[in-house]
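Read the figures in this text as sums done on the coordinates, not as results from a lab. Every value quoted in this text rests on a predicted model; they were computed, and no experiment measured them.
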Amino acid sequence: MTYCVGLLLHAGIVLLSDTRTNAGLDNIATYRKMFVYETPGERVIAILTAGSLSVTQTTIARLREAMEDPEATEATSILKAPTILKVAEMVGNTLATVRHDIDEKLSATDQGASATMIVAGQRQGGAMRMFLIYPQGNFIEATEDTPFLQIGEHKYGKPILDRVVRPDTSLADAQKAVLLSMDSTLRSNLSVGMPLDLLVIEKDACRVSLRRRIEPGDPQFKAMSEAWSKALRDGFTRIVL
């Protein structure tokens, strides 16, 4: 399993993913689930993945192959697409096709494969946008009313986002929010694990503003986690029934 979260704010976009892939208690591995493509100053696109590794890896491979094609066009490459909406459509179509192909191969064993993705980014002259892509290729978009999207094992990390994230949340506070959301998930679900990948895209920069890999034992993340635990315990003891 995995956990990925994205925030779409007035100040920019903040994304976070874990890297654990679990195919059973004795088959746990680390795979990157955040993929970033940019033409600095012109466009930046980030894709987060959750679900069947065969589906997500094949989808990313096909998208990358289309980008590297010397004859790539606006209709085939996400790095040439005219809008981020068109990027979401292309990713959704590719994901749906891959899922269908793999399902056909697995049909004899009565098994299936599924995956979801978050696509976020901005192109020069356009608005920042963020979409959650479903296995069937359809999608929903982050809005002012719902400025964050989650995929994977999301239930443990959702409460803090519901309470603190607003469109006008600063990028510094947004990073804190997604990291604490991930911390809650790490504590409650063993199928989500470090290292973590953190990405920040400032509004209108059309390039990656900050990219960080957080390894196990990272002192900054550990201190934040311990401070949050203490704040929760202190708050709990102060509540009087």
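Structural remarks
- Calculated [θ] (222 nm, deg cm²/dmol) that DSSP helices of n ≥ 4 give over the chain, each run adding -39,500 (n - 2.57): -11500 deg cm²/dmol
- Candidates Phe131, Phe35, Phe148: whichever shows maximal mean-square fluctuation once the chain is modelled as a Gaussian network with Cα springs under 10 Å: Phe35
- Value of relative contact order over the chain, rounded to a whole percent, pairs C-alpha under 8 Å and six or more apart: 28
- Whole-Å distance, taken between Cα centres, linking the range 163-178 and the range 60-90: 31
- Among Lys33, Lys230, Lys176, the largest mean-square fluctuation in a Gaussian network model of the chain, built with springs joining Cα atoms closer than 10 Å, belongs to Lys230.
- A straight chain from Lys158 to Ser209 at 0.36 nm per residue would run longer than the Cα-Cα distance by 15.9 nm.
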